[in-house]
Amino acid sequence: MKLNERGLLVVLSGPSGVGKGTVRKALFDMPDQNLKYSVSMTTRKKRPGEVDGKDYYFVSREEFEKRLEEGKFLEHAEFVGNYYGTPLDKVEDDLQAGNEVILEIEVEGALQVRNKVKDAVLIFLVPPKREALYQRLRSRGTESEEVIQERIKKADREFKLAYKYDYIVVNDEVANAADRIMAIIRAEHAKTERSIHNYLKLIEED
Ligand code: 5GP
């Protein structure tokens with residue numbers, strides 16, 4: 001029995017290279033979930049294998065800035081020289097339809113969501129060891145040494161903001177991290193403040 005019809009806005013964040021994308025994909029492979037991924041918009045160049053409209057909406061800086069002025073983003077950030085943002089309208093439609101919406105975003109954007117959407121659930125994904133993160137950033141093989149160094153510096157700054165999140169999940173094994181996140185989503189749905197209103201309505205109808 002579902003007590004609240006509106007879906008949860010779940011922010012999956014954490015330093016670049018922690019494995020947010022891999023964990024998110026594992027979540028979507030789990031049975032009995034009604035998750036929707038919010039495809040972000042970016043001005044970054046497409047990496048080999050990335051698909052426009054699936055991994056990101058790839059746009060020019062002009063296009064991004066125009067949308068920004070028009071207030072079309074729930075949040076946005078400039079990350080290592082490129083813009084990234086969450087298109088607002090799709091998120092709202094999916095939440096209204098009762099889906100859990102997953103945003104996979106960096107820390108600055110996550111904190112904007114914290115201020116704008118009071119009942120969003122913020123999850124900070126961390127590596128079991130810092131070294132694992134640096135290795136992952138390097139092994140991607142798609143970025144120059146300069147960009148990798150910038151991302152490492154940025155990751156070190158991002159770690160310090162973990163205390164602003166609702167939950168910290170260690171990405172030791174992808175399947176474990178996904179299990180922990182699913183447990184958080186289920187528990188959040190059962191929280192009294194989210195479900196009491198609908199429960200009272202339900203028993204009145206009995
Ligand atoms: P990448 O270039 O590796 O795909 O992404 C760089 C960083 O930007 C990652 O930490 C990623 O999670 C984050 N990111 C992706 N989409 C968005 C978005 O819409 N908003 C924000 N604030 N960050 C995003």
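The values are calculated or read from the model by the stated rules, or taken from the named source; none is laboratory data. Treat the numbers as computed from the prediction; the structure is a model and nothing was measured. Note that each Cβ is placed from the backbone with ideal geometry, even for glycine, and that neighbours are counted across all protein chains shown.
Points to keep in mind about this one:
- Where S13 falls short, out of the listed (1) more than 24 Å from K191 (Cα to Cα); (2) crowded, with 20+ Cβ neighbours inside 10 Å; (3) not hydrophobic (A, V, I, L, M, F, W, C): (1)
- Just one of the numbered conditions (1) within 28 Å of K45 (Cα to Cα); (2) more than 19 Å from the chain's Cα centre (by Cα); (3) in a helix (DSSP H, G or I) is not true of L133: (2).
- Selection within the stretch 81-113 - in contact (Cβ under 8 Å) with a residue 60 or more places away in the chain, surrounded by fewer than 17 Cβ atoms within 10 Å (Cβ to Cβ) and not in a loop (DSSP other than H, G, I, E, B): Q96
- Residue check for Q149: under 29 Å from M30 (Cα atoms) and either modelled with pLDDT under 90 or part of a helix (DSSP H, G or I) (or both): no
- Residues satisfying the stated conditions in the stretch 21-54, i.e. among the charged types (D, E, K, R) and more than 16 Å from E143 (Cβ to Cβ): R24, K25, D29, D32, K36, D52, K54
- Qualifying residue in the stretch 24-36 (condition: surrounded by 18 or more Cβ atoms within 10 Å (Cβ to Cβ), touching a helix residue (DSSP H, G or I) at 6+ places or on another chain (Cβ under 8 Å), in a helix (DSSP H, G or I) and modelled with pLDDT of 95 or more): yes
- Within the stretch 124-146, if we keep just the residues that are at pLDDT 90 or above and touching a helix residue (DSSP H, G or I) at 6+ places or on another chain (Cβ under 6 Å), the residue that is surrounded by the fewest Cβ atoms within 10 Å (Cβ to Cβ) turns out to be P127.
- Residue count, the stretch 56-87 (criterion: aliphatic (A, V, I, L, M) and farther than 27 Å from R157 by Cα): 1
- Subset of the stretch 55-80 [within 13 Å of the ligand (Cβ to nearest atom) and either among the hydrophobic types (A, V, I, L, M, F, W, C) or outside any strand (DSSP E or B) (or both)]: D55, F58, V59, F64, R67, L68, K72, F73, L74, A77, F79, V80
- Filter pass, S40 being in contact with an Asp or Glu (Cβ under 8 Å, 6 or more places away or on another chain), within 10 Å of the ligand (Cβ to nearest atom) and at pLDDT 95 or above: yes
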